[in-house]
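Down below is the structure, laid out as structure tokens.
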Amino acid sequence: MEIIGKGFKIKNRDIIGELDVDVKLKMSLEDLRILSRYLEGEFLNGMESLVMDLENDGNQEELLYYEKLKTILEDLTDGIYKGLVDTEKMIIGELKNHEIDEDEIIELMAEDEYDKERVENIYMAMNDLNREEKEAQEIFDKLDIYGKMILSKIKESGEDFYMPLVFKFFWFLYDSADRSGEVVFTENSLEELLDLDREGLEVFLDQMSKITVKVGNQTGSLIEYFSFLNDSTMKLEYNLFAVNPRKYMVLDHEFKIGKVEEVEIKII
């Protein structure tokens with residue numbers, strides 16, 4: 001089907017249905033908690049039971065409809081829960097700014113055990129984030145101007161990197177005594193350094209491998225290669241010029257470091 005208007009053409013009706021829509025809800029925190037608990041619990045459990053019954057009945061058209069509806073409602077539930085956590089995080093932050101202690105905040109925010117566990121987790125996560133951001137700033141302050149520029153441009157790239165982790169990893173490579181661009185980690189030491197399990201570490205290193213750095217007359221990936229040699233040993237190859245150009249300049253006399261403002265970062 002093709003719909004044509006003045007200077008406007010739609011070749012497929014599905015295009016309209018695929019448009020993203022922002023929906024805003026305004027309600028009290030109490031109502032938001034009740035809604036979130038209901039959606040997460042008996043409502044989605046009911047939807048799951050309905051879909052299972054339809055699978056047994058063999059009505060494919062109705063089954064496809066309710067499977068799609070279930071997916072939509074799961075996304076809605078996740079969005080409602082995120083909105084709840086973001087709201088509670090904002091309130092907790094404000095209470096902390098007024099120097100109210102942890103026990104008083106939790107008592108004030110939690111109406112029952114269900115709320116208490118969530119509020120305690122939010123409080124702990126906020127403390128961890130503040131600590132990690134402070135550590136990241138301390139790392140940034142220790143870098144030379146080139147290291148600062150590289151990290152700043154990674155941060156400004158708009159990619160979904162958890163920057164305190166990037167800072168910690170970058171500092172490890174920057175401060176390493178290694179001069180070959182190769183490090184072998186044993187006994188899960190990198191997992192411990194970054195507080196990640198093996199799966200999380202692979203995802204993180206894959207992200208870091210997509211960062212391309214141009215400094216002076218050299219261009220290459222931050223990480224060229226990584227692999228697990230066995231259950232407790234991992235090998236990592238990185239470009240020293242992309243982490244510590246001044247150290248690399250001493251090793252490679254053909255390397256021209258260039259101006260700091262000419263450092264380029266691309267995410268492939």
TODO: Determine the share of region 190-268's accessible area contributed by carbon and sulfur atoms, expressed in whole percent, with a 1.4 angstrom probe.
DONE: 47
Task: Probe 1.4 Å - accessible area at residue 159, Å² to nearest ten - done: 90
Open item on the list: Could you report the accessible area of residue 52 in Å², rounded to 10, computed with a 1.4 Å probe on the protein chains as they sit in the structure?
Closed with: 100
Open item on the list: Taking 28 Å as the cut-off for C-alpha to C-alpha distance, list the pairs among 68/116; 142/210; 89/134; 148/235 that go past it.
Closed with: 68/116
TODO: Among (i) 1.28; (ii) 1.15; (iii) 1.38, find the value of Cα Rg over 2.2 N^0.38 Å that was calculated from the structure presented, and write down its label.
DONE: (iii)
- [ ] Go through 65, 238, 81 and list them by solvent-accessible area, largest first, probe radius 1.4 Å.
- [x] 65, 81, 238
Open item on the list: For a quick check of understanding: with a 1.4 angstrom probe and all protein chains in place, what accessible area in square angstrom does residue 219 have, to the nearest ten?
Closed with: 90
- [ ] Distance from a point 7 Å along Cα→Cβ of residue 115 to each backbone N in region 48-91: keep the residues under 12 Å and list them by number.
- [x] 88
Open item on the list: Taking a ≥ b ≥ c as the square roots of the Cα gyration tensor eigenvalues, with a/c under 1.5 meaning rounded and otherwise prolate when a/b beats b/c, else oblate, which class fits region 67-168?
Closed with: oblate
TODO: Might you report the magnitude of the Cβ-based charge dipole of region 112-246 about its Cα centre, with Lys and Arg at +1 and Asp and Glu at -1, to the nearest 20 debye?
DONE: 980
Task: Calculated FRET efficiency for the pair residue 159/residue 246, C-beta based, R₀ 30 Å, to 0.05 - done: 0.70
Task: Average accessible area per residue (Å²) across the chain - probe 1.4 Å, nucleic acids and ligands excluded - done: 65
Open item on the list: Could you work out what % of the accessible surface of region 36-149 is carbon and sulfur, using a 1.4 angstrom probe and leaving DNA, RNA and ligands out of the count?
Closed with: 50
Task: Residues in region 120-152 that a label on residue 267 would reach, taking backbone N under 15 Å of a point 7 Å out along Cα→Cβ - done: 151-152
Task: Additional length obtainable on full extension of the chain from residue 137 to residue 102, 0.36 nm per residue less Cα span - done: 10.1 nm
Task: Most to least accessible of 33, 246 (protein chains only, probe 1.4 Å) - done: 246, 33
Open item on the list: Please compute, for the alpha-carbon atoms of region 145-267, the extent along each of the three principal axes and give them in descending order in Å.
Closed with: 42, 32, 18
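The values are calculated or read from the model by the stated rules, or taken from the named source; none is laboratory data. None of these values were measured; they are calculated from a predicted model. No Cβ is skipped: glycine too gets one built from the backbone with ideal geometry, and neighbour counts run over all protein chains shown. Accessible surface areas use protein heavy atoms only, side chains included; no ligands, DNA or RNA. Shrake-Rupley method; radii C 1.70, N 1.55, O 1.52, S 1.80 Å.
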